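The values are calculated or read from the model by the stated rules, or taken from the named source; none is laboratory data. Source: prediction; values computed, not measured. FYI the Cβ positions are ideal-geometry reconstructions off the backbone, even for glycines, and counts take in every protein chain you see.
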Amino acid sequence: MAAPLLDHVAFDEPTQADNGQGGTISGWLERFCTRAHFKYLRGGETVLQARLSGQQTVVVKVRNSAAARSITPVWRMRDLHRGSTAGEFPGVIYNIRSIIPSDDRLYLELTCQSGVAT
């Protein structure tokens, strides 16, 4: 039986726009929101070292869809249930490290990390 998708996440793609003076402005564009299941990693030496430096590694499961298959590791994920609700992009921000399909191919499993530079 699959874990329930009780959390709500958003995925943002990096963008660049002309600033009108010959330069560019970097930013983020929200692509889509979906339900998800978080699994917090607790074990291994690498995970423990990351936690000591304020980083949290999670595996996030989302339904496999055309939108979900468009996610790449240059995108970022936001946990809309936790973190700040202020600002243009609320929620805890995670960098996406890897994306793999589940064994049954109904879901995508994303390894993500918070507390690191984008």
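Quick look at the numbers
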quantity	calculated
Selection within the range 30-53 - within 16 Å of the chain's Cα centre (by Cα), at pLDDT below 95 and of a type in the set (A, V, I, L, M)	41
Filtered residues of the range 2-30 (kept if part of a loop (DSSP other than H, G, I, E, B) and under 22 Å from residue 81 (Cα atoms))	2, 3, 4, 5, 6
Residues of the range 69-80 classified as under 13 Å from the mean Cα position of the chain (by Cα) and over 16 Å from residue 14 (Cβ atoms), total	2
Scope the range 59-73; condition in a loop (DSSP other than H, G, I, E, B), β-branched (Val, Ile, Thr) and more than 13 Å from residue 30 (Cα to Cα); matching residues	72
Check on residue 21, polar (S, T, N, Q), modelled with pLDDT under 85 and over 18 Å from residue 110 (Cβ atoms)	no
Test for residue 86: is it modelled with pLDDT under 95 and over 16 Å from residue 111 (Cβ atoms)	yes
